[in-house]
1. Whole angstrom only: what separates the Cα centroid of the stretch 71-126 from the Cα centroid of the stretch 260-337?
2. Per the Kirkwood formula on distinct C-alpha pairs, the Rh of the stretch 3-274 is how many angstrom?
3. What ranking do MET113, MET119 get, fewest neighbouring Cβ atoms within 10 angstrom at the top?
4. About the Cα centre of the chain, what is the dipole size in debye to 20, counting +1 per Lys and Arg Cβ and -1 per Asp and Glu Cβ, all else neutral?
5. How large is log10 of I(q)/I(0) for the stretch 204-280 at q = 0.12, 0.21, 0.24, 0.25 Å⁻¹ when the intensity is taken from the Debye formula with one equal scatterer per alpha-carbon?
6. What GluC sites (Glu not before Pro) in the stretch 393-423 are in a loop by DSSP, with at most 16 other Cβ atoms within 10 Å of the Cβ?
7. For the stretch 275-412, take the convex hull of the Cα atoms, compute a quarter of its surface area, and give me that in nm², please.
8. Using a Cα-Cα cut-off of under 17 Å, which lysines could be cross-linked to LYS196, ignoring same-chain neighbours fewer than 8 residues away?
Amino acid sequence: MSDTLVESSAESAFLDLHKKHSQQGALAELQQTALNRFESLGFPHSKHEMFTFVNTKGLVETAFNLPGDFGRVSEDFIASHIYPGCEHQCLVFVDGVFNGGLSRIDGVSASLMPLSEAMSDQQLKDYLSETAENENDAFASLSTAFCSEGLVFKVDDNTQISGTVQVLFVSTDRDAGPVMHAPRLIWQLGKLSEVKVIEKFVGTEGGYFINSVQDWLLAEGAGVSLTQIQADPFDSWHFSKTRIHLDRNSRFYSSNASSGTQLARHHYEVRLKEEGSELRLNGVSVLDGKEQVHNYLRIYHEAPQCISHQHFKNIVNGHARSSFDGTVIVNQGAQSTSSDQLINNLMLSDDCHANNKPNLMIFADDVKCTHGATTGQIDEDQWFYLQTRGLSAKAAKALLTRSFAQSIIQTIEFPEVVAELNDTLLKKLEAANV
C-alpha cells in the first residue's frame, strides 16, 4: 500500500474517531476549528518539510482508541515520580486530563482554571482560535481536536512562586488497545512574575500515544525556568508542541532530557516579540536499540535586541535515530539580534543515525548569529590519553561518553533532576557496555 493511501486511510480513521468524541460546550468550537485545520493539512508525507527525518508510517497505521474514565494509577506510583520539594506543588495529569485528586496545589500561589471555563476570557479565546486556524503541525491540530479538557495556570503580576512546581504526566495501559492522550496546558505569566517548573512524562505501561500541546505566554519582565524529562516506555509514541511567546525583557530558560521511544518528537515554536526578550533551549538524549528522538525548532526574532541560544547533544547507539531541524528567523527590523545554535552528536555504533539541519534566515543587517553541528565518534587521542593514565579502554570510553552528556545535564538547576538523569540516562550507557 502506498504512503498516500496509508495517510488517507489514517485521516479517515481519526475523523471517524472524532465523531465519537465530539462534545457540546465551551471547547466545541475550538475543537472543530482544529479538526478543520487537520483536514486541510493532512498527515505529513515522506517529503514534508517539517518531517524530513521522521517516518510516521507506523504511527499513522495504528488504530487508536479514546481514553474513557481515568486510568488506574496508584498513589505510590505518583509519589515515586515526584521530586523532593515538590510534594505540595505538583500537578498530575492522568491519560491527558488534569487529576485534582492526585495533585497537590495548596502551596501554589497561582490560579488554576479548567480551559473550558477560561474560554470566557475573550483575549485567551481569540489567541487559541487564531493558533488553531493557523496551526502548521498536523499532530498539534489533532491534539487540540481531541482535547476533552485543558488547564490554565495563571501567575499574577509581580508574583514570584517560591520553590518548584512539578507537572507529572502519567499514561496508563488500556485493555482496549492503543489509546491517544491529548493533554493541553496553558501558562500565563503576568508582568515581573517568575516560576520554576519540572515536567516529567511517564507511563505505567507502553502502547499509548501522548500528543501534548503547551502554550507559554510571558508578559513583560516575566521569567521561566523549565526542565522537561521524557521517560515514556519504548513501545509508546511521544509527540509534543511547545509554543512560547516572549514580551519585553522576559526570559525563558529550558532544558529537555529524552530517553527516547519508538518515535518521540519535540516541536518548539518560539516568538521573541518585544525588545530584550531572551530564550535558552538545551537538550540531551541518550538512545540505544531502536529508540528515536527528533527535535524540530522554529525561533522567530521579531524585535530588536533579543537573544536566543540553543545547544543540543545526542548520544546514539545501536540502531537508534536522532535528528535536529532548527531554523532561526531574524525579521526585518530585528536589529542587534544575538543568536547561536549548536548540535553535537556522539555516534557509538555503525548502525545508528543522526541527522542535522541547522539554518539561519536573516532579514536584518546588524546581527550576531552563528550555527553549527558536529557528528563523530569517541576522540581517539583523548581515549588513548586516558588509557596511558591507567584507565582501561572500557573505562576510558565510558568516562568520555558520560562527560559528553553531562555538559548539558549539569546546566539543569534542579539537583534532584541531575541526580536522577545521572542514574537513568547515563546508566543506559553502562548497560549497553559502552
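1. Taking the Cα centre of the stretch 260-337 as reference, the centre of the stretch 71-126 is 27 Å away.
2. In the stretch 3-274 this quantity evaluates to 19.0 Å.
3. If I rank by nearby Cβ atoms, fewest first, I get MET113, MET119.
4. About 720 debye.
5. Per q value, in the given order, log10 I(q)/I(0) is -0.40, -0.87, -1.02, -1.07.
6. Answer by residue number: GLU413.
7. 9.2
8. Leaving aside lysines fewer than 8 places away in the same chain, those within reach of LYS196 are LYS154.
Each value in this text was obtained by applying a stated rule to the coordinates, not by laboratory testing. Since we're looking at a predicted model, the values are computed, not measured. Because the Cβ atoms are built from the backbone with ideal geometry, glycine has one as well, and the counts that use them run over all protein chains shown.
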